[in-house]
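Below is one structure; the comments refer to it alone.
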Amino acid sequence: MTPITSVEGRRLALSNLEKVLYPESGFTKGEVLHYYATVAQALLPHVHDRPVSFLRYPDGPDGQLFFTKNPPPGTPGWVKTVRVPRSEDQSAEQVVVADLATLMWAANLVVEFHTPQWTTDRPAVADRLVLDLDPGPTATAVECCAVALWLRERLAADGLEAYAKTSGSKGMHLAVALEPTASEQVSAYAKALAQEAENELPGLVVHRMAKALRPGKVFVDHSQNAAAKTTAAPYTLRARRLPTVSAPVSWAEVAGCREEGDPAAMVFLADEVVARLARDGDLFAPLTDPGRAGSLPGGGARTEGAS
């Protein structure tokens with residue numbers, strides 16, 4: 001029989017709890033659910049009022065992967081959905097993970113959580129800037145950390161405070177809280193920043209995705225600031241060989257990884273993230289504080305209708 005549990009008054013059927021999803025570590029579906037329940041207090045503010053895209057891997061990372069922005073078949077009526085634009089003349093429903101019950105329902109599907117840089121009430125008006133640091137062949141998280149530290153200082157010169165997290169794969173993400181700003185403006189600023197990083201660190205950075213340019217370098221992917229793009233949410237599990245997490249890290253840890261030259265320092269498994277939260281709290285919490293939001297240089301931070 002499928003176990004039935006109650007979460008915040010919602011009845012949930014949780015299936016195949018003993019199923020091993022990460023064979024290398026023996027991490028089971030039940031442990032996936034336990035992980036998400038444990039980190040929910042930290043995770044939920046980062047997906048609050050944001051349409052969620054799901055990467056589903058019900059048979060583990062070695063099975064089929066399904067990326068969808070649409071509510072999955074069988075979505076309960078109590079799960080909040082919102083209609084969001086997909087193009088100039090089209091829109092569609094997407095799930096909003098509004099509470100613990102929705103988080104656990106989604107986790108039972110076995111998912112990564114991905115969100116845009118805007119909230120449901122202001123589509124294409126970003127309150128986040130994101131830079132995805134993706135190492136090319138032979139480069140590692142060590143090179144990503146070096147680039148991240150340069151970008152942190154460059155953003156600070158513009159009055160913007162950056163926060164770092166692992167991607168849960170080989171790279172890193174930098175995030176900045178912004179006053180509501182048109183996604184087009186944020187994208188343009190992010191692209192210019194990536195180009196400047198390449199000019200200043202030509203042996204280390206590339207701002208274009210072309211594979212021929214990337215060996216030994218870090219691709220500073222600015223494209224995820226486009227309104228239609230999404231980024232792995234803080235604390236999401238990733239569909240990788242081990243149950244790695246997109247985990248916030250301190251700048252001291254980033255500097256230590258660069259100095260010690262150990263890319264493993266930027267890899268965190270589910271159990272480690274739970275312990276880190278208990279010890280350090282949510283290192284990404286400032287991103288949810290409106291008082292910490294910055295403005296893009298040149299007075300372009302506020303956009304009409306974004307107040």
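The values are calculated or read from the model by the stated rules, or taken from the named source; none is laboratory data. What you are looking at is a predicted structure, and each value in this text was computed from that prediction instead of being measured. Note that we place each Cβ from the backbone using ideal geometry, even for glycine, and neighbour counts take in every protein chain shown. Keep in mind that these areas ignore ligands, DNA and RNA; they rest on the heavy atoms of the full protein, side chains included. Shrake-Rupley method; radii C 1.70, N 1.55, O 1.52, S 1.80 Å.
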**Prompt:** Mind listing the phi-derived Karplus ³J(HN,Hα) values for segment 149-166, rounded to whole Hz, using 6.51, -1.76 and 1.60 with θ = phi - 60°, and x for any glycine or proline?
**Reply:** 5, 5, 5, 4, 5, 5, 5, 4, 4, 9, x, 10, 9, 9, 10, 10, 9, 6
**GLN41/GLN90 FRET efficiency (R0 25 Å; Cβ-Cβ; nearest 0.05)** = 0.10
**Asked** How large is ³J(HN,Hα) for each residue in segment 238-252, as worked out from phi by the Karplus curve 6.51 cos²θ - 1.76 cosθ + 1.60 (θ = phi - 60°), to whole Hz, x for Gly and Pro?
**Response** 10, 7, 10, 4, 10, x, 7, 10, 6, 10, x, 10, 7, 5, 5
**Request:** With all protein chains present, calculate the accessible area of ARG258 using a 1.4 Å probe and round the result to the nearest 10 Å².
**Result:** 110
**Fill in**
Each label sits 7 Å from Cα toward the beta-carbon; between GLN195 and THR68 the label points are separated, in nm, by 4.0
**Asked** Using a simple charge model, +1 on the beta-carbon of Lys and Arg, -1 on the beta-carbon of Asp and Glu, nothing else, what dipole does segment 1-145 show about its Cα centre, in debye to the nearest 20?
**Response** 500
**Item:** segment 90-129 shape via C-alpha gyration tensor axes, a/c threshold 1.5
**Value:** prolate
**Request:** Obtain the radius of gyration and the Kirkwood radius of the chain from its C-alpha atoms and give Rg over Rh.
**Result:** 0.96
**Prompt:** What residue among VAL97, PRO73, PHE113 has its Cα farthest toward the positive end of the dipole of segment 66-148, where the charges are +1 on Lys, Arg and -1 on Asp, Glu, each on the Cβ?
**Reply:** PRO73
**Prompt:** Taking the simple approach of a point 7 Å from Cα along Cα-to-Cβ for both SER25 and ALA212, what is their distance in nm?
**Reply:** 3.9
**Signed unit charges on C-beta, dipole axis of the chain, positive-most listed residue ALA182, LEU55, ALA162** = LEU55
**Complete:** Given the candidates THR244, CYS145, GLN195, the one whose Cα lies deepest towards the positive end of the charge dipole of segment 117-264, counting +1 at each Lys or Arg C-beta and -1 at each Asp or Glu C-beta, is THR244
**Message:** If each DSSP helix of 4+ residues adds -39,500 (n - 2.57) and the sum is divided by the residues in the chain, what number results at 222 nm, nearest 500 deg cm²/dmol?
**Reply:** -9000 deg cm²/dmol
**Request:** Pairs of lysines 8 or more apart, or on different chains, with alpha carbons under 28 Å: count those in the chain, would you?
**Result:** 28
**Request:** Roll a 1.4 Å probe over the protein heavy atoms and report the accessible area of TYR189 in Å², nearest 10.
**Result:** 30
**Item:** segment 12-124: relative contact order in percent, alpha carbon pairs under 8 Å with at least 6 residues between
**Value:** 32
**Fill in**
About its Cα centre, the chain carries a charge dipole, from +1 on Lys and Arg Cβ atoms and -1 on Asp and Glu Cβ atoms, whose size in debye to the nearest 20 is 640
**Asked** Of all accessible surface on the chain at a 1.4 Å probe, what whole percent is carbon and sulfur?
**Response** 51
**Message:** Using amide H atoms built in the peptide plane, which far-off residues or other-chain residues are under 5 Å from THR244 H to H?
**Reply:** ARG238
**Message:** Starting from the 7 Å offset along Cα-to-Cβ, what nm value, one decimal, do you get for the label separation of GLU18 and ALA278?
**Reply:** 2.7
**Request:** Show the residues, 5+ positions off or on another chain, whose built amide H is closer than 5 Å to the amide H of LEU178.
**Result:** ARG128, LEU129, GLY294
**Asked** With charges only on Cβ, +1 for K and R and -1 for D and E, what is the dipole size of segment 187-307 about its Cα centre, in debye, rounded to 20?
**Response** 540
